[in-house]
Amino acid sequence: MDASMKGKTVLFTGASRGMGRFAAIELARRGAEVLVVGHDEQRGAAAIDAIRCAGGSADFLRADLGDAAEVRALADAVLARRGSIDVLIHSAGGMPRSDARTREGVDRGFAQNFLGAFLLTRLVEARLLASAPARVVAVGSAAHRLVKRVDLEALMRPGGDASRMGSYRRGSHQMLSYQVAKLAVTAWTFRLARRWAGLGVTANVLDPGMVRTEMGEQFEGPAPLGLLMNHVIPFFVAVGRERGAEQYVRLAADPQLARVSGRYFVSGREKNQDSSRLSLDPALQQQIEDVAERWAEPFLRDR
């Protein structure tokens, strides 16, 4: 599959490094104009240079997806360009320190891995619908299946003093924040697919499987666990970032997926059974959307 993306615009968060960067290069090589979103100017410039050296077209838009005001400014910059948004890929994320909070006091990991994507989508939703046929691809994780009970308020209004926690508790908090965020991403994407049914915009979840990344570079848990998570397991079972990037490209470009929506993909293959029961619960989907909508409301005013 080498589908052309000529004339299409891809808004791609988290595309300045890792799998996102390789996928952005390939999408640009196929003719897309790629709007690379990242929080690091130097990495963003390097990604743009790599894309242009490959003969593609791209621009860098700096924004921290964990900062709602920056997400609002990002959306304004994108909408000022006036053209279509044919593909929106939510790949930004990470594992911030356990004591990191947003300006609104929200757990930063939850904001960076879910709330920023929610807000950006809400802000550009009208343009997406006007651009139909269009696609949204949200990057999930098998880690969401580890969540057995959801307490969103614990992440929206986290308490306690992380500096007084031991390494085990800090690492556990980071992992739980990430897992719940990926559950939220998955449940919300399924809800988007239902809301947009018949409107020409699809929404799917991509679980890239085990891929070598730098996600755990700020992991605060016990050193042996960090070594196992970041080096030992990936060495034996993870695929390279170039291989992982192929999955992004398929969901963004494959003509056979033009009308496929509300599905869960693992390593490029549709595996709906790998999405947890919780993520499919309509009541939880509604709860997640309600919480995110209340948080986003101040940044949606005057739109």
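The values are calculated or read from the model by the stated rules, or taken from the named source; none is laboratory data. Treat the numbers as computed from the prediction; the structure is a model and nothing was measured. Ideal geometry is used to build each Cβ from the backbone, glycine not excepted, and the neighbour counts take in all protein chains shown.
From 44, 66, 7, grab the single residue that is buried (at least 21 other Cβ atoms within 10 Å of the Cβ), free of Cβ contacts under 8 Å to residues at least 40 places away in the same chain and not acidic (Asp, Glu).
The match here is 44.
Anything in the stretch 122-147 that is hydrophobic (A, V, I, L, M, F, W, C) and part of a helix (DSSP H, G or I)? List them, or say none.
Taking the stretch 122-147 as the starting set, the residues that turn out to be hydrophobic (A, V, I, L, M, F, W, C) are 123-124, 126, 128-130, 132, 134, 136-139, 142-143, 146-147.
Answer for the stretch 122-147, where residues must be hydrophobic (A, V, I, L, M, F, W, C) and part of a helix (DSSP H, G or I): 123, 124, 126, 128, 129, 130, 142, 143, 146.
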Here is a check on your reading of the model: is residue 63 within 16 Å of the chain's Cα centre (by Cα) and modelled with pLDDT of 95 or more?
yes
Just wondering, is there one or more residues in the stretch 153-161 that are out of contact with any strand residue (DSSP E or B) (no Cβ under 6 Å at 6 or more places or on another chain), surrounded by 24 or more Cβ atoms within 10 Å (Cβ to Cβ) and not β-branched (Val, Ile, Thr)?
no
Of the candidates 83, 94, 66, the one satisfying the condition of being at positive phi and not in a helix (DSSP H, G or I) is 94
Only one of 122, 108, 82 is out of contact with any Leu (no Cβ under 9 Å at 6 or more places or on another chain) and surrounded by 15 or more Cβ atoms within 10 Å (Cβ to Cβ), namely 108
Can you name every residue in the stretch 250-277 that is in contact with a Leu (Cβ under 6 Å, 6 or more places away or on another chain) and closer than 14 Å to residue 142 by Cβ?
265
Just checking, how many residues over the stretch 153-183 are more than 24 Å from residue 275 (Cα to Cα), of a type in the set (D, E, K, R) and at pLDDT 75 or above?
2
Kindly provide the set of residues from the stretch 97-121 that are among the polar types (S, T, N, Q) and either part of a loop (DSSP other than H, G, I, E, B) or at pLDDT below 95 (or both), ordered by number.
98, 102
Quick one: in the stretch 13-31, of everything that is outside any helix (DSSP H, G or I) and in contact with a Ser or Thr (Cβ under 7 Å, 6 or more places away or on another chain), which residue is surrounded by the fewest Cβ atoms within 10 Å (Cβ to Cβ)?
31
Given (1) in a loop (DSSP other than H, G, I, E, B); (2) at pLDDT 95 or above, number of the condition residue 77 does not satisfy
(1)
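Pull up the stretch 274-283, narrow it to residues that are farther than 22 Å from residue 246 by Cβ and of a type outside the set (Gly, Ala, Ser), then point me to the one that is surrounded by the fewest Cβ atoms within 10 Å (Cβ to Cβ).
277
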Got a sec? Which of 50, 54 is among the aliphatic types (A, V, I, L, M), surrounded by 15 or more Cβ atoms within 10 Å (Cβ to Cβ) and either touching a residue at least 12 places away in the same chain (Cβ under 8 Å) or farther than 23 Å from residue 249 by Cβ (or both)?
50
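Among the residues of the stretch 10-20, count how many are in contact with a Lys or Arg (Cβ under 8 Å, 6 or more places away or on another chain) and either at negative phi or free of Cβ contacts under 8 Å to residues at least 60 places away in the same chain (or both). Walk me through it before giving the result.
We begin by selecting, within the stretch 10-20, every residue in contact with a Lys or Arg (Cβ under 8 Å, 6 or more places away or on another chain); these are 15-19.
Next cut, either at negative phi or free of Cβ contacts under 8 Å to residues at least 60 places away in the same chain (or both) only: 15-17, 19.
Total meeting the criteria: 4.
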Find the helices (runs of 4 or more DSSP H) located wholly in the stretch 199-303 whose residues include 3 or more that are modelled with pLDDT under 95 and within 16 Å of residue 20 (Cβ to Cβ), and list them.
241-253
Unique match (being over 30 Å from residue 173 (Cα atoms), touching a strand residue (DSSP E or B) at 6+ places or on another chain (Cβ under 7 Å) and of a type in the set (Asp, Glu)) among 107, 59:
59
Could you tell me which residue of the stretch 22-32 is farthest from residue 57 (Cα to Cα), considering only residues that are in contact (Cβ under 8 Å) with a residue 40 or more places away in the chain and touching a strand residue (DSSP E or B) at 6+ places or on another chain (Cβ under 8 Å)?
23
